[in-house]
Amino acid sequence: MRNAVWGLYWLLMFGLDKGRESAHNEPMSITINPELARPDYFAIQCGCGEHTFVTTATYDEAVALYRKEDTVPCCDAYGDTPSIVAMWDNEGPWVNVSNNNAVGIFERLGVEFDYCGSMSAADMLGKAMVANVGGDDSGTDTVQDGNMIHCGLRAGYYEQKMDEIAAVAQWAIDNDVDNVTWG
């Protein structure tokens, strides 16, 4: 699933949309993961994420194949919506949270929230290990405001997420990856 997110990232960054409109809205969620070097390879996948048609060593090779007609058919459920997806042989762990929950997580980490960013893996590990000290993690109720519903948080949510973020940072340190990123 995260590979599909990287595919969207590459499409938006390089403007490769075969003439289709691209949405440039805020992301619906934030993924925290080790900052990996260049991808090991690229794949052209159907929008369903289950059908890979072509793998290439370089992004330029993938672009050339993507632009050819009838090179990358998609399954009927997704129509003609393949993506170029960056792939790594070993991605490491990652944490995905909603935008609303990310605001609270970054507040506890003591980091000003932004939709994307990075910090050293060692700093992230230290922050995640002490983020819940003295914090209320008893959960919150679901609240309806007109036709908007703000889902609550279960008790222990922040503790679980900080443990997961610490695992991401520790994996980065153990695998000689300098930074942890989010976006």
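The table below gives the values:
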| item | result |
| --- | --- |
| Tally of residues being closer than 25 Å to GLU164 by Cα, of a type in the set (Gly, Ala, Ser) and at pLDDT below 85 across the stretch 19-45 | 1 |
| Residues that are among the acidic types (Asp, Glu) and either modelled with pLDDT under 95 or not assigned by TED's automatic domain parsing to the domain that holds ALA169 (or both), drawn from the stretch 113-136 | ASP114, ASP136 |
| Conditions (1) surrounded by 12 or more Cβ atoms within 10 Å (Cβ to Cβ); (2) more than 17 Å from GLY110 (Cβ to Cβ); number of the one not met by THR142 | (1) |
| The one condition in (1) at pLDDT 85 or above; (2) acidic (Asp, Glu); (3) farther than 26 Å from TRP171 by Cβ; (4) assigned to a loop (DSSP other than H, G, I, E, B) that ASP76 fails to fulfil | (1) |
| Some residue of the stretch 145-154 being touching a strand residue (DSSP E or B) at 6+ places or on another chain (Cβ under 6 Å), closer than 27 Å to PRO34 by Cβ and touching a residue at least 24 places away in the same chain (Cβ under 8 Å) | yes |
| Filter result (part of a loop (DSSP other than H, G, I, E, B) and either in contact (Cβ under 8 Å) with a residue 60 or more places away in the chain or touching a Gly at 6+ places or on another chain (Cβ under 9 Å) (or both)) within the stretch 115-139 | TYR115, CYS116, ALA131, ASP137, SER138, GLY139 |
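The values are calculated or read from the model by the stated rules, or taken from the named source; none is laboratory data. Everything numeric here is computed off the predicted structure, so don't read it as measured data. Glycine also receives a Cβ, built like all others from the backbone with ideal geometry; neighbour counts cover every protein chain displayed.
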